[in-house]
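Novice: Attaching a single structure in structure tokens format; questions to follow.
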Amino acid sequence: MTVEVGVPVQGNDDGDCVLAEVYVAVGDAVTAGQRLFSIETAKAVYEVESTAAGTVVSVLHGPGEELPVHTPVVLVEPVGAGGAADPGRTARTVPDGVATGAGTAVAHPGLEAQDGAGAGAGAPSRRLPRGPVPASPRARVIAARRGIDLGAVAGTGPRGRVLVQDVLDAAGRWPSGAGSAPAPESAGDQRQPPPRAAATAPSLPAVPPAPPTVTTPSPVPTVSVPDVPPADPPAPVPLTGIRRVVADRMTASLRDSAQFTLMAVADARPLQRLRAVLRAGGTRARLDRVTVTDLVALACVRTLADHPALNAHLTPAGLTRWPAVHLGLAVATERGLLVTVLRDADRHRLAGLTAARADAVAAARAGRSAAADLTGSTFTVSSLGAGPVTFFTPVLNPPEVAILGVGGIVPAVVPVPGEPPGDAGEIAPAVHLSLTVDHRAVDGAPAAAFLADLCLALAAPETTLAR
């Protein structure tokens, strides 16, 4: 029996992923636990190992292909009794002979066998018309916009699935060949300079002395400059990997929710004073590395305890309010934007939250985050405070109903301490806050109340730490 090793489910990442790299070829001997290929999702890159010892008999897909979970990628012919697959992995056995080499079509229920003309190496599998045409969500959107019948598009994805590239090829979007180079100038086009002219002195009677000879200057030759061909337009770079998945998720977030953003400023002077005190004497308590982001995150967690409507998920099944705060932190990495999660952030004191945040951010940037570390947040904080940005409109991280954007500390008008808000103001360093919420789950008044309480918590950070 041949063992299929396919795309596994990683945590809540059950959507399409991209095959990043294949480490084996047909004919290679592999051992159980040896890495076969890697996949890239919206969260991270995962390596998939062989579930059996044996020989690779087929590699069904190549790097760059978009694959749904459970799609078989490598077929392994086990050796002896030790080749049985581990039932805990994403693999299943198929009868011998189903796939015996690269490019051989794999038989699956619901698919008709291809004829001899289409079974050669490199021929894409095609699903015969039977019910809805299998296609990726983005391929369906593009086909609908361009008026393309998916039933007439040859799918090159797993089991004949229609991918975005298939739709674009059908629409004739991509150029089929390079343009011809401009013809060189012919020799006849070169302008020849006139021959050098020289005037000779006229013949005069022999009267000494003879007049000097006058020479006419040669004309400046004309240089023919060939036409410079226009520069080729830049080629589009397809979105791949995490960049493509992030693009899809952010588009879906804005399309499927009713987002609006509230903005406010909070006096940053108390935060700056407290941070200076902690950094000066907080080495023993591990508080010497506290940042303003840590103080804002802790104040946010404490404020959410009084505003549970914002610590929630909205799904087709309904609205779920979470008793614990699993704080998401938006992290910019070289591969794209990731959201790492601090579990039970409401149970942390400042020192614990600071250490946990630093470890989680470092792991995300190094690509060491586990799948469980990148899913399940209930409220997200996105900080752009290191630059000149003040207010911005953070995009919700579905299925969450709220996200807080933290801008830079820039002078602004803030309430005078001890005075009622709105009665008097003064210019002082202020942290800029942008709260985006889903209007389907949270109205403007409760969102504004949360933001107002958060500003009060930041104005009195010592009281916030005591909670």
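The values are calculated or read from the model by the stated rules, or taken from the named source; none is laboratory data. Model, not experiment: these values are computed from the prediction. A quick note on method: Cβ atoms are made from the backbone with ideal geometry, for glycine too, and the neighbour counts reach across all protein chains shown.
Novice: Just need a number here: residues in the range 237-294 that are of a type in the set (D, E, K, R) and under 23 Å from the mean Cα position of the chain (by Cα). Walk me through it before giving the result.
Specialist: In the first step, residues of the range 237-294 are kept if they are of a type in the set (D, E, K, R); the result is 243-244, 248-249, 255-256, 267, 269, 273, 275, 279, 284, 286, 288-289, 294.
Among the residues that remain, those that are also under 23 Å from the mean Cα position of the chain (by Cα) are: 243-244, 248-249, 255-256.
Looking only at that region, the number is 6.
Novice: Would you be able to tell me the number of residues in the range 311-341 that are closer than 26 Å to V45 by Cβ and touching a His at 6+ places or on another chain (Cβ under 7 Å)?
Specialist: Selection size over the range 311-341: 1.
Novice: Hey, among S377, S382, which residue is more than 26 Å from A268 (Cα to Cα), in the same structural domain as L262 (by TED's automatic domain parsing) and out of contact with any helix residue (DSSP H, G or I) (no Cβ under 9 Å at 6 or more places or on another chain)?
Specialist: S377
Novice: With respect to the numbered conditions (1) among the charged types (D, E, K, R); (2) within 30 Å of A449 (Cα to Cα); (3) surrounded by fewer than 19 Cβ atoms within 10 Å (Cβ to Cβ), which one is the sole condition not fulfilled by R286?
Specialist: (2)
Novice: Can you pull out every residue in the range 345-360 that is under 15 Å from V331 (Cβ atoms) and free of Cβ contacts under 8 Å to residues at least 12 places away in the same chain?
Specialist: Within the range 345-360, just D359 meets the criteria.
Novice: Regarding P68, is this residue in contact (Cβ under 8 Å) with a residue 24 or more places away in the chain, surrounded by fewer than 16 Cβ atoms within 10 Å (Cβ to Cβ) and not charged (D, E, K, R)?
Specialist: For P68, the condition - in contact (Cβ under 8 Å) with a residue 24 or more places away in the chain, surrounded by fewer than 16 Cβ atoms within 10 Å (Cβ to Cβ) and not charged (D, E, K, R) - is not met.
Novice: Going by what's in this entry, would L433 be described as in contact with a Leu (Cβ under 6 Å, 6 or more places away or on another chain), part of a strand (DSSP E or B) and within 30 Å of G328 (Cα to Cα)?
Specialist: Working: in contact with a Leu (Cβ under 6 Å, 6 or more places away or on another chain): no; part of a strand (DSSP E or B): yes; within 30 Å of G328 (Cα to Cα): yes.
No: the conditions fail for L433.
Novice: Any idea how many residues of the range 431-445 are surrounded by 14 or more Cβ atoms within 10 Å (Cβ to Cβ) and either modelled with pLDDT under 95 or not polar (S, T, N, Q) (or both)?
Specialist: Within the range 431-445, residues that are surrounded by 14 or more Cβ atoms within 10 Å (Cβ to Cβ) and either modelled with pLDDT under 95 or not polar (S, T, N, Q) (or both) number 8.
Novice: Looking only at the range 408-424, decide whether some residue is small (G, A, S), closer than 22 Å to T291 by Cβ, surrounded by 14 or more Cβ atoms within 10 Å (Cβ to Cβ) and at pLDDT below 95.
Specialist: Within the range 408-424, one or more residues are small (G, A, S), closer than 22 Å to T291 by Cβ, surrounded by 14 or more Cβ atoms within 10 Å (Cβ to Cβ) and at pLDDT below 95.
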